[in-house]
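A short write-up of the structure that comes next.
The values are calculated or read from the model by the stated rules, or taken from the named source; none is laboratory data. All values reported here derive from a predicted model rather than from experimental measurement. Counting neighbours? That spans all protein chains shown, and the Cβs are built from the backbone with ideal geometry, glycine included. We work out accessible area using only protein heavy atoms, side chains counted, and drop any ligands, DNA or RNA first. Shrake-Rupley method; radii C 1.70, N 1.55, O 1.52, S 1.80 Å.
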Amino acid sequence: MSATLTSIFLSNRKSIMWSVMRIVRDPQVAEDVAQETYMRASKVAETGTIDHVEAFLFQTARNLAINHKRRQDMRGRVERNDISETDLANIASASPSQEADLIHRQRLQCLREAVARLPQRARTVWVLSRIEKWPYPKIAEHLGVSPGTVFNDLKLAHAHCIDALAKIDRG
C-alpha cells in the first residue's frame, strides 16, 4: 500500500498543491500542506487500507488547507502588524526591573537576619511551618510542646519578621 500511496501522491502532487493554493494563497504553505497530507495518508495507510487513495489525498489536503486558513484568519484578528518600532520598544517587560530585584533581595536578606535573631525554638517553629509546611500538631509533637506553644512561637516569629520588614520599608 505504501508504494501505491507514494506513486499516487507523486502523480497528483501538482494538482493537490494547486487545489491547496486556491485556499491558502501561499506557495510555501501549499508545499507544507501537501507534505503534511502525504504524512497523514501514510499513517492511515499503516493502520488500515484507504479505499479511494486519490480522493483521500485531495480531501485531506483540502481539510488541512482550510484549517490553516482558519488559524491564519484567527491570528489576523488577534495579532497586529501595524505597531511601530517605538511602541514595541516601550512595552513593559514582564521581568522585574533591576531596582525591584534589588529591593526584593534586600527584603529577603532582612527577613533572613530577622529569622536568625529569633530564639531557637521560635526559629525552628517558623522554618517547619513556613518553609517545610508542617501542620501545628506535627511541629508540636516533633518539638515536644503543645500546639498552643507552637502557635505562640509562630506568632512571635511572624511579628518579629513584620517589624524587621517595616523598618526596612521606612528606612
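Some observations on this one:
- In a simple Cβ point-charge model (Lys, Arg +1; Asp, Glu -1; nothing else charged), the range 106-171 has a dipole of about 140 debye relative to its Cα centre.
- Proximal lysine pairs, the chain, alpha carbons under 29 Å, eight or more residues apart or interchain: 7
- Crossing angle, helix 147-170 versus the chain [Cα axis fit, 0-90 degrees, rounded to tens]: 80
- Acute angle (nearest 10 degrees) that the helix 27-47 long axis makes with the longest principal axis of the chain, alpha-carbon atoms: 90
- DSSP loop trypsin sites (Lys or Arg not before Pro) with at most 12 other Cβ within 10 Å: longest gap in the chain: 26-79
- Listed residues 165, 122, 2: farthest to the positive end of the dipole of the chain (Cβ charges): 122
- Global geometry of the range 61-171, whether rounded, prolate or oblate, following the gyration tensor of its Cα atoms and the 1.5 cut on a/c: oblate
- Dipole magnitude of the range 55-171 about its Cα centre (Cβ charges: Lys, Arg +1; Asp, Glu -1), debye to nearest 20: 400
- Crossing angle, helix 2-24 versus the chain [Cα axis fit, 0-90 degrees, rounded to tens]: 80
- Carbon and sulfur %, accessible surface of the range 113-171 computed with the full protein complex present, 1.4 Å: 57
- Mean-position separation - Cα centroids, the range 60-86 and the range 90-131, in angstrom: 45
- Selected from 58, 41, 154, residue furthest toward positive end of dipole (the chain; charges at beta carbon): 154
- The share of accessible area on the range 6-66 that comes from carbon and sulfur is 54 percent, using a 1.4 angstrom probe.
- Electrostatic dipole magnitude of the range 1-132 [Cβ: Lys, Arg +1; Asp, Glu -1; Cα centre; debye, to 20]: 580
- For the chain, the solvent-accessible area of protein heavy atoms averages 72 Å² per residue (probe radius 1.4 Å; ligands and nucleic acids excluded).
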